[in-house]
1. Looking at segment 253-281, I want the residues that are free of Cβ contacts under 8 Å to residues at least 12 places away in the same chain and have a partner that is surrounded by 14 or more Cβ atoms within 10 Å (Cβ to Cβ) and part of a loop (DSSP other than H, G, I, E, B) with Cβ atoms under 8 Å, at least 6 apart or on another chain. Which pairs are those?
2. With the checklist (1) in contact with a strand residue (DSSP E or B) (Cβ under 9 Å, 6 or more places away or on another chain); (2) not in a helix (DSSP H, G or I) in hand, flag the one item residue 74 doesn't pass.
3. Name every residue in segment 242-272 that is modelled with pLDDT of 95 or more and at positive phi, in order of residue number.
4. Hey, can you tell me all the residues within segment 189-231 that are more than 30 Å from residue 268 (Cα to Cα) and surrounded by 22 or more Cβ atoms within 10 Å (Cβ to Cβ)?
5. Please enumerate the residues belonging to segment 18-48 that are surrounded by fewer than 19 Cβ atoms within 10 Å (Cβ to Cβ) and in a helix (DSSP H, G or I).
6. Can you tell me which condition residue 112 does not meet? The list is (1) at pLDDT 95 or above; (2) in a helix (DSSP H, G or I), and all the others hold.
7. Working carefully through the options 56, 100, find the one that is in a helix (DSSP H, G or I), over 18 Å from the mean Cα position of the chain (by Cα) and touching a residue at least 40 places away in the same chain (Cβ under 8 Å).
8. In segment 115-151, what residues are farther than 16 Å from residue 50 by Cβ, assigned to a helix (DSSP H, G or I) and touching a helix residue (DSSP H, G or I) at 6+ places or on another chain (Cβ under 9 Å)?
């Protein structure tokens with residue numbers, strides 16, 4: 001279903017101004033504030049203020065189509081598992097977040113795991129995201145959120161997924177990360193997958209040369225900023241033209257289609273199930289296969 005809403009230019013401009021002010025304030029905030037280690041940093045009032053600007057991006061820049069929201073339980077805990085796309089801008093993540101708040105309101109608890117290195121490299125952005133619901137990817141923090149009956153959005157593939165080559169844009173690529181399966185089993189939480197089409201074309205990742213750059217580091221080249229980025233893509237996109245490294249990007253205005261897939265429930269739950277390596281592997285394969293099938297179907301629909 002393609003949602004359209006009447007746009008109020010004044011509200012959009014005010015919201016964009018709030019976004020800029022919040023970003024500047026977060027950029028100069030104390031390093032010990034909004035660190036992503038508290039579930040209480042999330043601020044529904046701030047989310048409400050940002051909604052008009054994100055709504056403009058949703059309807060006018062990315063022209064989003066979305067469906068499947070009836071697959072999310074109306075209440076209770078849930079693990080939302082997504083395939084990450086589009087570089088650091090990750091436009092499908094932002095658009096799905098907007099849709100979540102539009103569907104369920106800003107008061108229903110929802111959090112998203114964010115790469116810890118964002119707090120190092122882009123502290124202003126990270127502190128701003130913490131106020132929208134971004135948290136550190138620590139199992140104890142996820143458990144605490146689920147025990148509050150929250151929804152938790154996880155992108156298991158992380159940075160390697162968000163910067164996977166353009167040739168893999170229609171592939172589910174979790175890089176073997178199975179921690180989300182163990183959490184789902186331990187907390188008896190349903191998994192609801194998210195997929196999208198178009199977001200990975202908002203920049204064109206040519207290659208990831210991280211192994212080569214890592215070798216240079218072993219030979220003595222220091223990491224820029226003093227930390228290992230884990231990925232080192234070469235991509236075509238705005239504003240750099242040719243981007244080298246995990247630089248922030250401005251996504252191209254490609255139409256997006258996001259889809260919420262059917263919930264995945266397993267046969268066994270509990271601590272014993274989460275310690276059964278073979279069973280965890282089976283559950284992981286099942287999630288990846290079902291998401292790939294759903295993504296293949298969405299791609300076929302868009303290419304007809």
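1. none
2. Residue 74 satisfies every listed condition except (1).
3. If the condition is that a residue be modelled with pLDDT of 95 or more and at positive phi, then 270 is the only one that fits.
4. 197, 198, 199, 200, 202, 203, 205
5. Of everything in segment 18-48, those that are surrounded by fewer than 19 Cβ atoms within 10 Å (Cβ to Cβ) and in a helix (DSSP H, G or I) turn out to be 18, 19, 20, 21, 23, 24, 25, 27, 44, 45, 46, 48.
6. In the conditions (1) at pLDDT 95 or above; (2) in a helix (DSSP H, G or I), residue 112 misses (2) alone.
7. So the residue among 56, 100 that is in a helix (DSSP H, G or I), over 18 Å from the mean Cα position of the chain (by Cα) and touching a residue at least 40 places away in the same chain (Cβ under 8 Å) is 56.
8. Passing the criteria: 117, 118, 119, 120, 121, 123, 139, 142, 143, 146.
The values are calculated or read from the model by the stated rules, or taken from the named source; none is laboratory data. What you are looking at is a predicted structure, and each value in this text was computed from that prediction instead of being measured. In this analysis, Cβ positions are derived from the backbone assuming ideal geometry, glycine residues included, and neighbour counts consider all displayed protein chains.
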